[in-house]
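Chemist: Quick one: the structure is below, questions incoming.
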Amino acid sequence: NAGVTQTPKFQVLKTGQSMTLQCAQDMNHEYMSWYRQDPGMGLRLIHYSVGAGITDQGEVPNGYNVSRSTTEDFPLRLLSAAPSQTSVYFCASSLDRVTAGELFFGEGSRLTVL
Amino acid sequence: GDSVTQMEGPVTLSEEAFLTINCTYTATGYPSLFWYVQYPGEGLQLLLKATKADDKGSNKGFEATYRKETTSFHLEKGSVQVSDSAVYFCALTTRGDSNYQLIWGAGTKLIIKP
């Protein structure tokens, strides 16, 4: 059982470049979310989805786009990377919105923007 | 708004010592409470949860009791091991606009010395 899989694990970008962080889960979870983790800032919610075709903004959505075309996948897109987006990104899923407190996390993607 | 406050770290203990990590919360209604653990270089894992007052969550020797009268959910372990070294996050879910979002504490780093 793979759980939540994130790729890539490490990425270095130049300012202005775009990229997509991939997230896939094989647990048939309805709820998926993206967080960023920064020293001294804790975990901050970027975007979330309560089901295929439904997405919504979290606490820090600016500079990021998401889509949810299937139950399994929830990619996070950076359209024009900025140094402020240097962070560790985590994808997490739960069975549904009611159990959104019981998250399964991926291993994280460490992004550096130069 | 709803919030979670954790004791600041790092907390440094010797192996076999008793552990307490304090967590207090502010919330309207009746939140569910959670402890997550993040081992170095990994994603977060749900450690334990409690969904109503006086519930005790437990896992891997860790315990926490949902105390409504003191709005607390302190994490305890009777005898810590070096392998317990990690960052511990307290969190709650609260219902808002029909979505259940996690409110996170800042995390407490625990260091266990042999």
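Chemist: Please list, or write none, the aspartates and glutamates whose alpha carbon is within less than 13 Å of the alpha carbon of A:Lys9, excluding same-chain residues fewer than 8 places away.
Modeler: Qualifying aspartates and glutamates at Cα under 13 Å: A:Glu107, B:Glu42.
Chemist: Sort A:Leu79, B:Leu75 by Cβ crowding within 10 Å, fewest neighbours at the top.
Modeler: A:Leu79, B:Leu75
Chemist: Once label points are set 7 Å from the Cα along Cα→Cβ at both A:Thr5 and B:Ser3, what is their separation, rounded to one decimal in nm?
Modeler: In this crude label model, A:Thr5 to B:Ser3 measures out at 4.2 nm.
Chemist: How big is the C-alpha Rg of segment B:1-70 next to the rule-of-thumb value 2.2 N^0.38 Å, as a ratio?
Modeler: 1.20
Chemist: At a Förster distance of 35 Å, what's the computed FRET efficiency of A:Leu95 paired with A:Ser18, Cβ-Cβ distance as r, to 0.05?
Modeler: For R0 = 35 Å, the calculated efficiency reads 0.60.
Chemist: Between A:Ile54 and B:Tyr39, what is the spin-label point distance in nm, taking each point 7 Å from the Cα along the Cα→C-beta axis?
Modeler: It works out to 3.5 nm between the two label points.
Chemist: Put a dot 7 Å past each Cα toward the Cβ at B:Thr71 and A:Arg77; how far apart are the dots in nm?
Modeler: 4.2
Chemist: With r as the distance between the Cβ atoms of A:Asp38 and A:Glu107 and R0 = 25 Å, compute the FRET efficiency 1/(1 + (r/R0)^6) and round to 0.05.
Modeler: The calculated FRET efficiency here is 0.90.
Chemist: Got a sec? How would B:Glu8, A:Glu72 order by Cβ neighbour count within 10 Å, fewest to most?
Modeler: B:Glu8, A:Glu72
Chemist: Got a sec to turn the phi values of segment A:34-51 into Karplus ³J(HN,Hα) couplings, 6.51 cos²θ - 1.76 cosθ + 1.60 with θ = phi - 60°, whole Hz, x for Gly and Pro?
Modeler: Working through the residues one at a time gives 10, 10, 10, 10, 10, x, x, 10, x, 9, 10, 6, 9, 9, 8, 9, 9, x Hz.
Chemist: Take B:Thr108, B:Thr51 and order them by how many other Cβ atoms sit within 10 Å, fewest up front.
Modeler: Lowest count first: B:Thr51, B:Thr108.
Chemist: So between B:Phe18 and B:Lys113, what do we pick up on full extension, going 0.36 nm a residue minus the alpha carbon distance?
Modeler: Taking B:Phe18 through B:Lys113 to full extension adds about 32.9 nm, to one decimal.
Chemist: Give me the extension gain from B:Lys56 to B:Thr28: residue separation times 0.36 nm, minus the current Cα-Cα distance, reported in nm with one decimal.
Modeler: Full extension of this stretch gives 8.0 nm more.
Chemist: Rg to Rh ratio, segment A:1-109, alpha-carbon atoms and Kirkwood radius?
Modeler: With Rh from the inverse mean 1/r over Cα pairs, Rg/Rh is 0.94.
Throughout, read-outs are computed from the coordinates displayed, never taken from laboratory work. Bear in mind that the values here come from a model prediction, so they are computed numbers and not experimental data. Note that we place each Cβ from the backbone using ideal geometry, even for glycine, and neighbour counts take in every protein chain shown.
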